Structures are given as C-alpha cells and as structure tokens.
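A.B. asks: Attaching a single structure in structure tokens format; questions to follow.
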Amino acid sequence: MDELKAWLAGQAQKAELRTLHPLDRLGPGRIRLLEDGAGEELVDFSSNDYLGLATHPALLAAASEALARFGAGSGAARLMSGDLSLHHELEEAVARLKGKEAALTFGSGYMANVGIIPALVGRHDVIFSDRLNHASIHDGCRLSGARLVRFRHNDMEQLDSLLREKRGGGRALLVVESIYSMDGDRAPLAALAELKERYRCLLMVDEAHATGVYGANGGGVIEEEGMAGVVDLAMGTFGKALGSYGAYVAADRTLIDYLVNRARSFIFSTAPPPAVAAASLAAVRLVQERPSLRSELREKVVLFKKALVSGGIAADLGSSQIVPIVLGQSGKTVAAARRLRERGFYVTAVRPPTVPEGTARLRFSVTRNLERGDLLAAAAALSAFLSGKEAE
C-alpha cells in the first residue's frame, strides 16, 4: 500500500492525478459540481453529447417504452436468452446508416475495440495503428498478440514505408479514428484506402466522434467522404453524438458473423439493456431525419472558433467540434481549467498519459446545447487568461 500511496503522491506532484467530480445536470449545457455542497451553475464544455440528444424527447420516450415492455435488463448474453428483437432492429438501422450489410452492438466503445481487434488478428499477423489512436484501440492491439507497428499521426508517407517493410504474409489490420478525440482532426481516409488496397489490409475506422455529426444522414466521415465501400469495419459509439450508451461495428455479413463467434467481449457479456438499445435506435433514426441538428452544431462550432481567433488565440483549432488548446505543462493546464471554472465554465484539463508528454491541453467540446452568449463568453475568458490581461 505504501508503494501505491507514493505513486499517487507523485502523480499529484506532477498535476497528473485523476480524481472524480460528482455533479448534477441542470438542463441543456449546464451542470453543478457537488464536491463542496451545492456549487455554482457551470456551462459544460466537457460533454460529448454533441447534438444534445441525451435528453431529447424521442430518446426518452423510446427508453421508457422499452423499460416498461422488456424490463431493466436483458437477462443474459446475446448468445443465450438475451438476444432481443430490439437488438436486431438497432443493428439493422446501424448497418443502413453506415452503408454496410450488417452490424453488431457492444456494451461500450472500449469493449468493442478490445473485442474486435483480437478477433481479427493474432500472433502471426500485423497491425498498423496511428500513434494517437484511442487507448481502447491500443489495448485491443496488445490483447491480440499481433505484431504492432505504430505510425506517426496521419503520416501517410511513413505508413507507406512501414507497410512496404513490415507487411509480411499474414493478415494485416490498419486501424485509425476518423475524428481524433483529443486533437479534433481528421484521418486522411482516401489515402488510407489507397494504401489498404495496395498492401492488402483490412481497414478499420473508429467513428466514435463522427457518427451523427458528419455525413448527409449522420453516417460519419465515412459517409461524408463516400468511403463506405472501402472501409472494411466501421466502428463507433452511441454514447456521444447519439446521446445513449454502447457501441457498434458495421461490416459485411461474413465479418459480422465471424465476430459473433470470435469477439470475446461480445460473447461473454450480458446484452445491452433494452432501454439503452431503444434510445440508441431512436437516436439513429433521429439523426437521419433531422439534418438541422448537424447544421445547428456546425454554426456554433464556427462561432466559437471565430471568437477564439478574434481574441488572439492562434492555435490550431482543428476541423471539428473538438477544440484543443495545447498549453504543454500539466500544472498550467490544471490552473487554466480551474480559472475557467471560477468564471463559470467547466472545461476538462487533459494530461498525460491521455495525451503525449508535453502536450497537456484544455479540451473544449462544442455541443448544440450551448448558447451563443456562453460560447462568446468562454472564448473571451480563455483569451483573457492566456494573454495575461484577465481582470480580477
């Protein structure tokens, strides 16, 4: 125990100790921290509920109906007696959304990635993974036992060289995110598809932060760039822009049937609760029927970034609803987050090991729930803090 205490103390000294912060949600875009009793109301810039669907009446009604009809839990794994017709409806809807033959749902994005990757490749195979991929992808790669080759973020020239040198004769998996969760930038899918074809790889794209937000029907960057036919596995989550919980992978029928038989995190887990599956299904339908959800979000993203630039912030603000402000040092980043909280804004200080050493950052997540005035005020508060011109 002394060793554990010493490690925790070291993390605290480096301003890299993670702690939980209980809170209440007060309505669209608003939270209240509960650590010191009833705290002040804060504007929430840390949520991934990009389209504001978590409290949408359509999702609430669907979840309520499923709860009354099926009960609180599914009762078993899908391969036992937990395989509800609702799960199949959801998977059919996801397959249509992603332009694929079939889909399979998982309990979470982490469970999906640590189940899919080891099912597809093993110790005689090789994985090529972007260095900035999510931790769940890295863990899935390690669990697989396959040889792991990581390439510099979005560096297609290096990837080409590594594929030429290390592809080998076994199965090869190329895995990326379409929108990177901590940088907010895009993967070059067209270039990846060309390399995938040239070197005979399976291409897996994690669309956790893209599904619902991009594409004419909310099908993600894959849909927006017309890449459904060349991406072999389109993985994503229901817990971000779709406002629910859980995850999916969409692919051709053979791959999905294979995963049903080989993905251990699917086989040995209780099926997602009926209310959750119903809410996810309602969200999938809603993003297809309401393109205005995406246009409203885009308007707010543009407004916030323009306000930051007008305030003198010259950082790379990315191309998505995720806006990273890299400050470098963990201590400085924690201090900035604390100061913004004092000004009424809840912004996450993201530190190593979530991001590489020396790249600690404030991660602003712009959602449709945020009001115009809140976006402008937050940009002004950040600009004032970073310029040292903040009034006490």
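A.B. asks: Would you check which residues across segment 1-55 are of a type in the set (Asp, Glu) and more than 30 Å from residue 284 (Cβ to Cβ) and list them?
C.D. replies: 2, 3, 16, 35, 36, 40, 41 - these are the residues of segment 1-55 that are of a type in the set (Asp, Glu) and more than 30 Å from residue 284 (Cβ to Cβ).
A.B. asks: How many residues, within segment 317-342, are charged (D, E, K, R) and within 20 Å of the chain's Cα centre (by Cα)?
C.D. replies: Number of matching residues: 0.
A.B. asks: Among what's in segment 104-140 and is part of a helix (DSSP H, G or I) and among the hydroxyl-bearing types (Ser, Thr, Tyr), pick the residue that is farthest from residue 91 (Cα to Cα).
C.D. replies: Looking at the filtered set, the residue picked out is 136.
A.B. asks: I need every pair where a residue in segment 92-118 that is under 20 Å from residue 74 (Cα atoms) has its Cβ under 8 Å from the Cβ of a residue that is at pLDDT below 95 and crowded, with 21+ Cβ neighbours inside 10 Å, sequence separation at least 6 or different chains.
C.D. replies: none
Here is a yes/no grid of residues against (1) crowded, with 20+ Cβ neighbours inside 10 Å; (2) in contact (Cβ under 8 Å) with a residue 12 or more places away in the chain:
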| position | (1), (2) |
| --- | --- |
| 216 | no, yes |
| 219 | yes, yes |
| 231 | yes, yes |
| 237 | yes, yes |
| 240 | yes, yes |
| 256 | yes, yes |
| 261 | no, no |
| 266 | yes, yes |
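A.B. asks: So which residues in segment 198-217 are under 13 Å from residue 128 (Cβ atoms), part of a loop (DSSP other than H, G, I, E, B) and touching a helix residue (DSSP H, G or I) at 6+ places or on another chain (Cβ under 8 Å), if there are any at all?
C.D. replies: The answer is 199, 201.
A.B. asks: Could you tell me which numbered condition residue 308 fails, if it satisfies all but one of (1) touching a residue at least 60 places away in the same chain (Cβ under 8 Å); (2) in contact with a Leu (Cβ under 6 Å, 6 or more places away or on another chain)?
C.D. replies: So the condition that residue 308 fails would be (2).
A.B. asks: Could you list, in sequence order, the residues of segment 166-197 that are part of a helix (DSSP H, G or I) and of a type outside the set (A, V, I, L, M, F, W, C)?
C.D. replies: 166, 194, 196, 197
A.B. asks: Moving on to the next point. Quick check on segment 79-99. Is at least one of its residues surrounded by fewer than 19 Cβ atoms within 10 Å (Cβ to Cβ), of a type in the set (A, V, I, L, M) and more than 21 Å from the chain's Cα centre (by Cα)?
C.D. replies: Scanning segment 79-99, I find at least one residue that is surrounded by fewer than 19 Cβ atoms within 10 Å (Cβ to Cβ), of a type in the set (A, V, I, L, M) and more than 21 Å from the chain's Cα centre (by Cα), so the answer is yes.
The values are calculated or read from the model by the stated rules, or taken from the named source; none is laboratory data. The structure presented is a predicted model; accordingly, all values stated were derived computationally and were not measured. Positions of Cβ are backbone-derived with ideal geometry, glycine not excepted, and every protein chain shown enters the neighbour counts.
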